[in-house]
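K.L.:
Starting off with a structure, shown below.
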Amino acid sequence: MPTVRLKPLSQQVVVITGASSGIGLATAEAAAAAGAKLVLTARSDDDLTAAAARLGGDIETVALDIADDDSADRIVAAATARFGRIDTWVNNAAAAPIGRVADTPIADQRRVFDVGYWGLVRGSIAALAAMRAHGGAIINVGSIESDRAVILQAQYSAMKHAVKGFTDAFRTEVEADGVPVSVTLIRPAAIHTPFPEHARNLTGHPISLPPVIYDPRLVARAILFAAEHPRRGLSVGGTGVLGVALAQHFPRITDRALEAFGEALQTFDKPAPADRVDNLYEGRANAVDSEQDVYVRTHSLWLEAQLHPATTIALAGAATVAGLLALRRR
């Protein structure tokens, strides 16, 4: 297994796909604040230019559709022309419809994979080639849905399952070849991004994310931690991890729960806006956070435990000892 040594963010060139909204934009903000040089990609040149101007620092923008066959090559060319190298590559771009499988055109289902899976595969291969000599980090954004499919999100869930399968296999190949590149899978739970506004809505009702919902900046924290510290994977949102664990041990009960409550937790009982525009094929106005007024958790104890395992073990041990001493006194 190769020894992977990653630079501090302030010395890195970081590529971020899907950088004009949600998790991608939150990651760009945090990376810029840490002093990293950035290569930001998305479909809208105007959104990228506005983001770069607001963030400041040393930033290259590349407007492209990650689903295009030459997208990864164009990113590498722009990064090396501007900065001479790439140190971290974050595969974050994704798009999705929300609705029942039978109601979703095959072209829309294929688009989910063209963006979220094949774009990520091309990016991973190109990043590995660019980093092979000097090392670096490839960070793929999966989902809690990489482990458990959710009703109304069949295509997105299937794509994130594929992302996990690819990332796990790709990691073993990189390590077997002794290449000093870490390959990390990030698995967010429900995150307060513009996903409800951006997803193609086939339900006939306004859509939402099921609670508990977490701040996108927590995912950015996990991504940038992995850019400096080699990790196999990190999960964001303890409630999502717990839900997956229960689903794996009680799959049929989980099926029944989703059948009974899954659609109600993701839709409002009123007609969807007639003028709503999604981003499945075209970019649209972007932001870090969703417009929906919901409770958002700004911390994740589960994430902190993963980032600081030694401290977590020590605290757990101390709590256990304290509990045993208390019982003994009784």
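K.L.:
Answer yes or no as to whether R82 is in a helix (DSSP H, G or I), within 18 Å of R43 (Cβ to Cβ) and of a type in the set (D, E, K, R).
P.N.:
no
K.L.:
Hey, another quick one. Within the stretch 116-167, which residues are within 14 Å of I16 (Cα to Cα) and within 13 Å of the chain's Cα centre (by Cα)?
P.N.:
If the condition is that a residue be within 14 Å of I16 (Cα to Cα) and within 13 Å of the chain's Cα centre (by Cα), then G116, L120, I138, I139, N140, V141 are the ones that fit.
K.L.:
Still on this structure: Give me the pairs: first residue in the stretch 138-167 and within 23 Å of P211 (Cβ to Cβ) and in contact (Cβ under 8 Å) with a residue 40 or more places away in the chain, second residue of a type in the set (A, V, I, L, M) and outside any helix (DSSP H, G or I), beta-carbon distance under 6 Å, and six or more apart or on different chains, which are they?
P.N.:
Within 6 Å, the pairs are V141/I186; G142/L185; I144/A189; L152/I98; Y156/A96.
K.L.:
Within the stretch 1-21, restricting attention to residues that are of a type outside the set (A, V, I, L, M), more than 16 Å from R85 (Cα to Cα) and surrounded by 15 or more Cβ atoms within 10 Å (Cβ to Cβ), which residue is farthest from the chain's Cα centre (by Cα)?
P.N.:
P2
K.L.:
Could you identify the single residue in D70, D46, D58 that is over 19 Å from the mean Cα position of the chain (by Cα) and at pLDDT below 95?
P.N.:
D46
K.L.:
Let me ask something else about it. Does R111 satisfy being in a helix (DSSP H, G or I) and either small (G, A, S) or surrounded by fewer than 24 Cβ atoms within 10 Å (Cβ to Cβ) (or both)?
P.N.:
yes
K.L.:
Inside the stretch 24-43, can you point out the residues that are under 15 Å from E228 (Cβ atoms) and in a loop (DSSP other than H, G, I, E, B)?
P.N.:
Correct list: A34, G35, A36.
K.L.:
Starting from the stretch 222-242, keep only residues that are under 10 Å from L6 (Cα atoms), then list their pairs with residues that are hydroxyl-bearing (S, T, Y) and buried (at least 24 other Cβ atoms within 10 Å of the Cβ) whose Cβ atoms are within a distance under 6 Å, requiring at least 6 positions of separation or different chains.
P.N.:
What qualifies is A226/T184; A227/T88; P230/S182.
K.L.:
Within the bounds of the stretch 122-136, is there any residue that is touching a Gly at 6+ places or on another chain (Cβ under 7 Å), surrounded by 22 or more Cβ atoms within 10 Å (Cβ to Cβ), under 27 Å from D215 (Cα atoms) and at pLDDT 95 or above?
P.N.:
No: zero hits.
K.L.:
Quick check: anything in the stretch 179-186 surrounded by fewer than 19 Cβ atoms within 10 Å (Cβ to Cβ) and part of a helix (DSSP H, G or I)?
P.N.:
Within the stretch 179-186 (the criterion being surrounded by fewer than 19 Cβ atoms within 10 Å (Cβ to Cβ) and part of a helix (DSSP H, G or I)), the answer is no, since none of the residues qualifies.
K.L.:
Looking at the stretch 228-330, what helices (runs of 4 or more DSSP H) fall wholly within it and have at least 3 residues that are modelled with pLDDT under 90, surrounded by 17 or more Cβ atoms within 10 Å (Cβ to Cβ) and of a type in the set (A, V, I, L, M, F, W, C)?
P.N.:
238-249
The values are calculated or read from the model by the stated rules, or taken from the named source; none is laboratory data. Every value quoted in this text rests on a predicted model; they were computed, and no experiment measured them. Using ideal geometry, Cβ is built from the backbone for each residue, glycine included, and neighbour counts are taken over all protein chains shown.
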